[in-house]
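A short worksheet on the structure shown next.
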Amino acid sequence: MRTHHMKLAGWPVTGHVVETQEDLAAFAAWTKQHTHFGFDTENTGLDVYATDFRCRTAQFSAGDTAWLLPVEQHPRFAWYTARTLERAQRLYIHNAPYDLQVADRHLGVPLETLFPKTTDTGILSRLVDSRSRKEGGTGHKLEELVEHYVDPVAAREIKGSVAQICKELKIKRDDYFRDVPLDDDIFQMYALMDPILAWVLNKTLCPKVPASATHLIPYEHKVAEICTKISRRGFQLDETYTRELATRLRQEETYWLMEIETEIDKLGFLDSEEFNPGSTDQVAEALLYMGHTEFKQTKTGKLQVDDDLLEHLATSGLYFARTIKEYKKAGKWAGTWPESFLTNMDAEGRCHANINTLQARTGRMSITGIPAQTLPSGDWMVRRCFLADEGHVIASIDYQAQELRMAAALSGDERMFNAFINGEDLHQITADAAGVDRKIGKMANFLVCYGGGWKALVEQAKVSESIAKRTIAGFNKAYPGVAALAKQLTKEAGRQGYITTLTGRRLYVDAERAYSAINYRIQSTARDVTARGLIKCDKAGLTEYLRLPIHDEVVASLPKANAPELAHEIGQCLRTQIRGVDFITDPEIAGRSWGSAYGADY
DNA sequence: TCCCCGAGCGCC
DNA sequence: AAAGGGCGCTCGGGGA
C-alpha cells in the first residue's frame, strides 16, 4: 500500500493506493466505517462504448481520506469497487453520467442501482449558476469549480501537474490517461484528489442553490438518469448506407474541387495549387479579383462570404460561386454527419449520443458526440443513417408550437391565449395586424420571442425597414401582453441581474442584453415541459423506446405491432397544461429509418 | 505542433 | 427606441 499526503485549502488530506491483494483488507475495513463516498474513475478514454475502452482505476473518498483501486490490474480490484458502490448509501460524483456508465458497462453495476443514490456536483453547480466561464459564470469543470469555490492554488497545481507532464513528454492529455503507469505518483495524487473534490464540492454547492431551485435537485438527477439510460441504449446506425453516403459526399467534394481549380486557372492570377477554397479569406479575395465589390463585413471587419452571397452570385451566373458553395457543403456534410457517426459507432453498430441535460445557460439540453440536434431536416439523406431496432419503426412525438404556447402561458396575453384555445392561426393574426404576408408574420412571432427587433426582420425576411417596423408594431398591437412581459422581465433582469423561471430556476442575464430575459424565460420553461414529459414517460416504463430528446421533440423506436398505441402513450406523457394553455403533442409514425419521417422510402 | 478563436452553417 | 435566443461541429488562421 502506498500513501500520499496532500493539502487542500490548507487542510491535510490522505490518499491510499491499493497495490496488492493484501491491501484490500485495509480498504474493506475503511469502507465499513462509511456510508457516503465521493467517487471517480480514470479510464483509457472518454467513449465508454468504444471497443478498446478499459476502466483503469476507481477512487473513493470520505471526508479527507481517499482510496485508489487499480481496477485494470486484477478482477478482485474491480469486484471490491463494485461491492463498495452497491453498499454505499450515497455517492458524490462530478459528471455522474460518465462514471456511472463506466460502472454500468465495465464494472457490472447498473445505472438503475447507482443513479438514485448519486449527487452529481455538475448538476448542483448548474443550478447555482448555469453560465460557462466565457459567459461570466464559474464554469462547470471540476477544476473550474474548485478554483472558484475551494482552493485556487490546489486547482492550478492539480490541473497543471498533468498539463506539464504532457508538455514534457510531448503527448496529449488523452494519451497520458490511457498510457500512464498506474504506479506513477503524480497520476495517483491527481486521481485521488478528484473524489475528495467531489465530496467538498457537494458540501460547498448544496447551500448555494437558490431556495427557489432546491426542489429541482432531485428532479434534475431524475432527468439525467433517464437521459443516461437513453445514451446507454444508443441509436442503431445503418452502417452500409452511412458508408455509401460518406463516400458519395467525398466524391462530390473532389468533383467540385476540380471544377474550382479549372475556374481559378481560367482567371490566371492565382495558382490553383495554392488556392484553398475552404478559406473564406481566399474566396473573398478571388471574388474581388472577379470584380465583385459588394461585400458585407463581419464584426471583425473581414469581408463576409456566406451562403446568401454565394447563392446570389451563383444565380446571377457566376459559376465559381456555385462551385465554392457545393464544395464546402459536400465536405462539411461528409465530415460532420456520416463520418462522425461511423467513428462513434460501437461494435454492435449503435451510436451513443452524449446528452448534456443542463448544458445551455437556459438549462436546455445539448447533445454531443453525434450532433443529433443539428441534423439537416430539409433533406432526409442524413437522418436516413439511423434506424429503429429490428422489428421496430421510428416515431417522432413533438410539441405543437411549444415556445409560442409558452409565450401565451407566461404572458397571459388574452388574444394569444384565445388563439390557442380556438385553434386560430397565430401567424396570420400578426400578419393581419401589420398588413403583411403570413410568412412574415410567422417570422415576427418567433423573432419577438427571441428578443429580436425590426432590424433582424429586415435581414431574415428581406423586407424594407418600414415594413419590418410595421410588422413588429403589429405584433405588439396584436399581443400586448407579450410586449408587457418582455418589458417587465427586462426590468427585472436589469434590477437584480437574474430572472427566475416558472419552475424556480435562476438564470443570470447580462446587463447589456437584458432584453434577452423573455427568451430565457420562455426557452427555459419550455425545456422543463419536455423534461417533465420525459419523467412521465419513464414512470410509464417507456424509456427503453426513447432514442433522443430534441428540445421540443422526442424520437423513439417502437415495436411495429403496437407503434400507434405506444406513440400515443408517449404523446400523452409529454402533454401538459400551464396556466390553462394546453401543450399538445403530435405523435407521428414513420418507417424503419429516421429519414422516412422526412421523405425517404425506407 | 498545439490551442484558441472567428466565421460559417446545421438544428430548435 | 433598439436589442434575434440557445446550442455543436468544421475549417482556416494566428499566436504561443
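The values are calculated or read from the model by the stated rules, or taken from the named source; none is laboratory data. Model, not experiment: these values are computed from the prediction. So basically every Cβ, Gly included, is an ideal-geometry build from the backbone, and we count neighbours across all protein chains shown. Remember, those area values only see protein heavy atoms, side chains included, never the ligands or the DNA or RNA. Shrake-Rupley method; radii C 1.70, N 1.55, O 1.52, S 1.80 Å.
Just a few scattered comments:
- Computed with every protein chain present, the accessible area of A:T138 is close to 10 Å² [probe 1.4 Å].
- For segment A:240-317, projected area of the alpha-carbon convex hull averaged over all directions, nm²: 6.7
- Cα centroid separation, segment A:385-440 to segment A:38-80 (Å): 47
- For chain A, the dipole from Cβ point charges (+1 on Lys and Arg, -1 on Asp and Glu) about the Cα centre works out to 2220 debye, to the nearest 20.
- Relative to one another, the C-alpha centroids of segment A:454-491 and segment A:193-225 are positioned 40 Å apart.
- Ranking by accessible area, most exposed first, for A:D52, A:D413, A:D185 with a 1.4 Å probe: A:D52, A:D185, A:D413
- When A:K222, A:K487 are compared by accessible surface with a 1.4 Å probe, the order from highest to lowest is A:K487, A:K222.
- Rg and Dmax [Cα atoms of segment A:120-200; Å; Rg one decimal, Dmax integer]: 13.9, 39
- A:K172-A:D346 FRET efficiency (beta carbon distance; Förster radius 30 Å; 0.05 resolution): 0.85
- Across the accessible surface of chain A, with the other protein chains kept in place and a 1.4 Å probe, carbon and sulfur atoms take up 50 percent.
- Note on segment A:550-591: along the principal axes its Cα atoms extend 37, 20, 11 Å, ordered by decreasing extent.
- When both segment A:89-113 and segment A:288-335 are represented by their alpha-carbon centers, they are found 48 Å apart.
- For segment A:335-472, the Stokes-Einstein estimate of translational diffusion at 25 °C and a viscosity of 0.890 mPa s comes to 134 µm²/s, using the Kirkwood hydrodynamic radius over alpha-carbon pairs.
- Contour excess over end-to-end distance, with Cα ends at A:D510 and A:S279 and 0.36 nm allotted per residue: 79.8 nm
- D_trans [Stokes-Einstein, Kirkwood Rh over alpha-carbon pairs] for segment A:443-602, 20 °C, 1.002 mPa s, µm² s⁻¹: 117
- Area accessible to solvent at A:V393, 1.4 Å probe radius, in Å²: 10
- All-pairs Cα distance distribution in segment A:428-538, expressed in whole percent, bin size 5 Å: 2, 13, 19, 18, 15, 14, 11, 5, 1, 0, 0
- Spread over its residues, the convex hull of the C-alpha atoms of chain A is 183 Å³ per residue.
- Here is the size of segment A:291-333 from its Cα atoms: Rg then Dmax, 11.1, 30 Å.
- For the pair A:R2 and A:E135, the difference between a 0.36 nm per residue extended length and the Cα-Cα distance amounts to 43.7 nm.
- Relative contact order of segment A:31-163, pairs being alpha-carbon contacts under 8 Å that are 6 or more residues apart, as %: 17
- Per residue accessible area of chain A, 1.4 Å probe, in Å²: 45
- Placing dummy labels 7 Å off each Cα toward the beta-carbon, the span from A:L270 to A:T113 is 6.1 nm.
- Kyte-Doolittle mean at least 0.5 and Cα axial length at least 27 Å: DSSP H helices in chain A: A:185-205
- Sorting A:E565, A:E553 by solvent-accessible area of protein heavy atoms yields A:E565, A:E553, largest first, with a 1.4 Å probe.
- Divided by 2.2 N^0.38 Å, where N counts the residues, the Cα radius of gyration of segment A:125-169 comes to 1.30.
- Electrostatic bookkeeping for A:I472 treats Lys and Arg as +1 and Asp and Glu as -1; over the other residues with beta carbon under 12 Å from its beta carbon, the sum is +3.
- Segment A:194-235 - Rg and Dmax from Cα coordinates, angstrom: 13.6, 38
- With viscosity 1.567 mPa s and temperature 4 °C, the Kirkwood radius over alpha carbon pairs of segment A:1-105 converts through Stokes-Einstein to a diffusion coefficient of 91 µm²/s.
- Gain on full stretching of the segment that runs from A:E465 to A:R54 - 0.36 nm per residue minus C-alpha separation: 142.0 nm
- Prolate/oblate/rounded label for segment A:268-427 (Cα gyration tensor, a/c 1.5): oblate
- For segment A:171-299, average projected area of the Cα convex hull in nm²: 17.3
- Share of Cα-Cα pairs in segment A:523-602 lying beyond 19 Å, as whole percent: 36
- Along segment A:384-399 the Karplus relation, 6.51 cos²θ - 1.76 cosθ + 1.60 evaluated at θ = phi - 60°, assigns HN-Hα couplings of 4, 5, 9, 10, 5, 4, 3, x, 10, 10, 7, 10, 10, 10, 10, 7 Hz to successive residues, with x for each Gly and Pro.
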